[in-house]
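A quick write-up on the structure given underneath.
The values are calculated or read from the model by the stated rules, or taken from the named source; none is laboratory data. All values reported here derive from a predicted model rather than from experimental measurement. Every residue, glycine among them, receives a Cβ derived from its backbone with ideal geometry; neighbour counts consider all protein chains shown. These accessible areas exclude ligands, DNA and RNA; they are computed on the full protein's heavy atoms, side chains included. Shrake-Rupley method; radii C 1.70, N 1.55, O 1.52, S 1.80 Å.
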Amino acid sequence: GLAAMMVSVMRTARAVGLPLWGIYTDMHPGTVELFIGIAGALDFALFYVSGQIMDKYGRRWALIPMLVGMGIANFALLGAHDATAFLIVALIMSLANATGSGLVLTLGADMAPPEDRSNFLALWRLLLDGGAAATPMVLSLLTAAIALPGAIGVFGLMSLVSAWWGHRSLNKLGIK
């Protein structure tokens, strides 16, 4: 559940942190939004591929690449100080995010006990949404404490640790 929550956290961190980074590096807001829109189109174009990955290779092949990719992209964002680098990192983040499209709800459905499915899925969704809701506040607090580059780095590290945790959890649960 914690690794799945981190998928929601990293998606929210991307949605909040990417525009902040663009403004932080003095890019024009219109350029930032255009590049985020282009990256979003890539994300949207790959939704179907994510389902194919999960069905053919298993949930692990969606979870681990998504979290590792988001972690690496967060670290790469720290070096993105011009428009071209920003666009490349935004595209990498979208590619990583797209590998996990539909993942957290699929994992929830996989793990839900048949006798109490609705309660399990309600708690699962609460965990996911709680992580997503807390992310902007955590990003703000980290930015206030250690500046935006430090906050982005912390989220990158959290993503990589979550990839390890997710791999470990899927092994324990016997989920492919």
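Scanning region 1-25 for residues being outside any helix (DSSP H, G or I) and buried (at least 17 other Cβ atoms within 10 Å of the Cβ) gives a total of 0. Among the listed residues Ala76, Ala90, which satisfies the condition of being under 30 Å from Ala144 (Cβ atoms), open to solvent by less than 30 Å² (accessible area, probe 1.4 Å), of a type in the set (A, V, I, L, M) and not in a loop (DSSP other than H, G, I, E, B)? Among Ala76, Ala90, only Ala90 is under 30 Å from Ala144 (Cβ atoms), open to solvent by less than 30 Å² (accessible area, probe 1.4 Å), of a type in the set (A, V, I, L, M) and not in a loop (DSSP other than H, G, I, E, B). Flag set for Ile175, criterion: touching a Ser or Thr at 6+ places or on another chain (Cβ under 9 Å) and surrounded by fewer than 16 Cβ atoms within 10 Å (Cβ to Cβ). Checking each residue in region 144-176 for being farther than 17 Å from Asn97 by Cα and among the small types (Gly, Ala, Ser) picks out Ala144, Ala145, Ala147, Gly150, Ala151, Gly153, Ser169, Gly174.
What are the residues in region 104-121 that are under 21 Å from the mean Cα position of the chain (by Cα) and without any contact (Cβ under 8 Å) to a residue 24 or more places away in the chain, if any? Hits for region 104-121 are Leu105, Ala109, Leu121.
If you go through region 51-73 and pick out every residue that is in a loop (DSSP other than H, G, I, E, B) and open to solvent by 10 Å² or more (accessible area, probe 1.4 Å), you end up with 1. Taken over region 58-93, residues that are more than 26 Å from Val32 (Cβ to Cβ) and touching a residue at least 60 places away in the same chain (Cβ under 8 Å) amount to 5. Per the conditions (1) in contact with a helix residue (DSSP H, G or I) (Cβ under 7 Å, 6 or more places away or on another chain); (2) farther than 30 Å from Ala41 by Cβ, the sole criterion not satisfied by Ala90 is (2). Being open to solvent by less than 90 Å² (accessible area, probe 1.4 Å) and either under 24 Å from His81 (Cβ atoms) or in a helix (DSSP H, G or I) (or both) narrows it down to one residue among Leu157, Leu121; which is it? Among Leu157, Leu121, only Leu121 is open to solvent by less than 90 Å² (accessible area, probe 1.4 Å) and either under 24 Å from His81 (Cβ atoms) or in a helix (DSSP H, G or I) (or both).
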